[in-house]
Amino acid sequence: MLSKFRRIVVVVLLLSCAVLNAQNRAKTVDAGGHAWWQHAVFYEVYPRSFADSNNDGVGDMNGIASKLDYLKDLGVDAIWITPCFPSPQVDFGYDVSNYEDIDPMYGTLADFENLAREAKKRGIHIILDFVPNHTSDQHPWFVDSKSSRTSAHRDWYIWRDGKVPGQPPNNWTSTFGGSAWKFDPATNQYYYHYFYAQQPDLNWRNPAVEKTMFDITRWWYKRGVSGFRLDAVDILFEDPNLKDNPVTGGRNAYGDAYQEHKYNTKLPEVHQALRGLRKVADEYNAVLIGETWTKDIAELNLYYGKGNNELQLPMDFLFTTVNKLSPTEFRKQIAAINSASGWPTFVISNHDIARSYDRYGDGQHNDDIAKLMASLYLTLRGTPILYYGEELGMKTTVPTRREDVKDPIGRSGWPKEKGRDGERTPMQWDESVNAGFSKATPWLSVPPTAKTHNVADESKDPDSILSFYKKLLRLRHTNKELLDGNYLPLNQNDQKVLSYLRVYQDQAVLVALNMSGTPQRVNFELKRNGFASARALAATGKSSSQGDFVTLDPYGVFIGQLER
Ligand code: GLC
């Protein structure tokens, strides 16, 4: 079976070399032509919930610094910290009131600089979360903008007259519920906010806004930041004529009529802004990761840009839309991302979506399924972004009472939309009180599973999810096939086992993932294809290989080096 793939291997190798060459444009690359972020493992830290050094119930910079050795040992090369700038915290930092400082709740700029220094010593890059689309309504720019129709910053935001007195300029709704326009009685106009009313959208058609935002990224690069995750980049521009969006029928959790966001998202002007941000990033050999909710690869390719001159790592999120263990669906998505014009990124969960433990878990084999999912996104060609706690098997723990909800959309959308608190609970460090996250009551309660799924206990258990993550990440860093090899799907009609090869030159690694609850035995016809055996590199339970066959436990994993 392998032989018929050989010709394809050569073609795929040549093609991917061409892509890499275009991509790297004589930047700092390794001997194989890879930029640093292509081989790096990224880890998303939600700073409120990671580690609380001053025991006020909220995590902080010094807390993150104290866990760098843990991250290094895990196999992390870069951490993306969600917004840690001064903010009224209406949207937990995604409402920025000063882009060039650290929120006192998280520490000081000096604490950040210490974190960056300590991270650098360990070879870990720091990525910050840049929020270019909107600020807080408490940002001095907006305070000035709102103060009068003639203020210096009036045109930094999007102000419009009502359609008729008492009616917003158009039918656009906020993604967090209600109209996207808020009336300001003092100046008798409405301002536009795609998210909460406390998050007014900046006017990117104003060159002063664009220049200021570019300069802010420069300011952080000079302080040792290696790149940004760009928040909500697909909505930077709106139709200047403010055309009404088409209404598509039905109502969402907030009671608003569904609409197609045709005139306020994904406008072509976005790409010019991204090219500008990329130009600055290139001055610092930095990486741009994008929150780009693309519907397909054609749309994703737009964000890589022509000749890869926009985002190096636009997140396609396509894995997060596969909410069942379906080899067919995953095969489809992997093939799609491999056909993209840039380097793939793999994400299976983040601070806005339920954790993978629950999305894929069947309630009985969740720990095995967590290892299965880890084996998938950590053995593919591309850059994985791990969400904190995924390596422990942390569970989404949704509040059961409305009064406990912290995320405002959970309060306004209750009970249909319970908000995102469930995936933002404190990191589970040990079995002690508050899971070792803080000595004070944490801002969100620690889930009961902290007793069974925590760093201290899992570090001692060779069969834990954490130990398996460490093993996979060690492999990823050392095995050339897993790093750079091409992806070749095997047994494409198998409905239970997802299997593929990663091929680099004349070496291959076989990955076999049983996505079913029954044991499986798969014939890979190794001998006929010139291989004597598959030597286990990582496997779960009793999953193993003998001769041509791989035997897999329910939800079992086998990863093996093919030997001649
Ligand atoms: C992004 C963030 C999300 C935030 C929103 C508004 O989608 O990931 O957490 O609420 O932007 O800034």
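The values are calculated or read from the model by the stated rules, or taken from the named source; none is laboratory data. Since this is a predicted model, take the numbers as computed values, not measurements. All Cβ positions, glycine included, derive from the backbone under ideal geometry; neighbour counts span all protein chains shown. Surface areas here come from the heavy atoms of the whole protein model, side chains and all, with no ligands, DNA or RNA. Shrake-Rupley method; radii C 1.70, N 1.55, O 1.52, S 1.80 Å.
Details
- Subset tally (residues that are more than 12 Å from the ligand (Cβ to nearest atom), polar (S, T, N, Q) and farther than 16 Å from residue 420 by Cβ) for segment 41-95: 5
- Meets criteria (within 16 Å of the ligand (Cβ to nearest atom) and either over 28 Å from the mean Cα position of the chain (by Cα) or not acidic (Asp, Glu) (or both)) for residue 225: no
- Sole residue being open to solvent by 70 Å² or more (accessible area, probe 1.4 Å), over 30 Å from residue 60 (Cα atoms) and more than 26 Å from the chain's Cα centre (by Cα), chosen from 160, 154: 160
- Segment 175-206: number of residues that are charged (D, E, K, R), open to solvent by less than 50 Å² (accessible area, probe 1.4 Å) and either within 14 Å of the ligand (Cβ to nearest atom) or within 20 Å of residue 412 (Cβ to Cβ) (or both): 1
- When residues of segment 417-435 are limited to those that are outside any loop (DSSP other than H, G, I, E, B) and open to solvent by 30 Å² or more (accessible area, probe 1.4 Å), the one modelled with the lowest pLDDT: 433
- Of all residues in segment 518-548 being free of Cβ contacts under 8 Å to residues at least 60 places away in the same chain, more than 17 Å from residue 561 (Cβ to Cβ) and part of a loop (DSSP other than H, G, I, E, B), the one that is most open to solvent (accessible area, probe 1.4 Å): 542
- Cβ pairs under 6 Å, 6+ apart, first in segment 221-248 and free of Cβ contacts under 8 Å to residues at least 40 places away in the same chain, second surrounded by fewer than 19 Cβ atoms within 10 Å (Cβ to Cβ) and aliphatic (A, V, I, L, M): 237/267
For every residue, the table says whether it meets (1) among the acidic types (Asp, Glu); (2) touching a residue at least 24 places away in the same chain (Cβ under 8 Å); (3) in contact with a strand residue (DSSP E or B) (Cβ under 6 Å, 6 or more places away or on another chain).
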position	(1), (2), (3)
185	no, no, no
192	no, yes, yes
195	no, yes, no
198	no, yes, no
205	no, yes, no
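- Which numbered condition residue 338 misses (of (1) in contact with a Pro (Cβ under 8 Å, 6 or more places away or on another chain); (2) away from the ligand (no atom under 16 Å from the Cβ); (3) open to solvent by less than 10 Å² (accessible area, probe 1.4 Å)): (3)
- Restricted to strands (runs of 3 or more DSSP E) entirely inside segment 245-330, those with at least 3 residues that are modelled with pLDDT of 95 or more, loosely packed, with under 13 Cβ neighbours inside 10 Å and away from the ligand (no atom under 16 Å from the Cβ) are 247-251.
- Filter result for residue 545 (within 26 Å of residue 75 (Cα to Cα), of a type outside the set (Lys, Arg) and at pLDDT 95 or above): no
So that you can scan it fast, the table gives a plain yes or no per residue for (1) away from the ligand (no atom under 16 Å from the Cβ); (2) surrounded by fewer than 20 Cβ atoms within 10 Å (Cβ to Cβ); (3) more than 32 Å from the chain's Cα centre (by Cα); (4) closer than 28 Å to residue 100 by Cβ:
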residue	(1), (2), (3), (4)
135	no, no, no, yes
140	yes, yes, no, yes
150	yes, yes, yes, yes
173	no, no, no, no
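- Those residues of segment 400-416 which are touching a residue at least 24 places away in the same chain (Cβ under 8 Å) and in a loop (DSSP other than H, G, I, E, B), in sequence order: 406, 407, 416
- Filtering segment 181-213 to residues that are of a type in the set (Val, Ile, Thr) and more than 15 Å from residue 99 (Cβ to Cβ) leaves only 187.
- None of 91, 77, 101 is surrounded by fewer than 24 Cβ atoms within 10 Å (Cβ to Cβ) and within 16 Å of residue 387 (Cβ to Cβ) except 77.
- Pairs are defined by a Cβ separation below 6 Å, a sequence spacing of at least 6 or placement on different chains, a first member in segment 448-470 that is in a helix (DSSP H, G or I), and a second member that is hydroxyl-bearing (Ser, Thr, Tyr); the pairs so defined are 458/464.
- Leading residue by the ranking (farthest from the ligand (Cβ to nearest atom)) among those in segment 117-126 that are surrounded by fewer than 20 Cβ atoms within 10 Å (Cβ to Cβ) and not in a loop (DSSP other than H, G, I, E, B): 121
- Tally, over segment 354-375, of residues that are of a type outside the set (Ser, Thr, Tyr), crowded, with 23+ Cβ neighbours inside 10 Å and under 17 Å from the mean Cα position of the chain (by Cα): 3
- In segment 402-416, the residues that are in contact with a Phe, Trp or Tyr (Cβ under 9 Å, 6 or more places away or on another chain), of a type in the set (D, E, K, R) and surrounded by fewer than 19 Cβ atoms within 10 Å (Cβ to Cβ): 402, 406, 416
- One residue stands out in segment 549-564 among those that are surrounded by 14 or more Cβ atoms within 10 Å (Cβ to Cβ) and either of a type in the set (Lys, Arg) or without any contact (Cβ under 8 Å) to a residue 40 or more places away in the chain (or both): the one that is nearest to residue 363 (Cα to Cα), namely 551.
- Residue within segment 366-379 that is out of contact with any helix residue (DSSP H, G or I) (no Cβ under 7 Å at 6 or more places or on another chain) and over 27 Å from residue 460 (Cβ atoms) present: no
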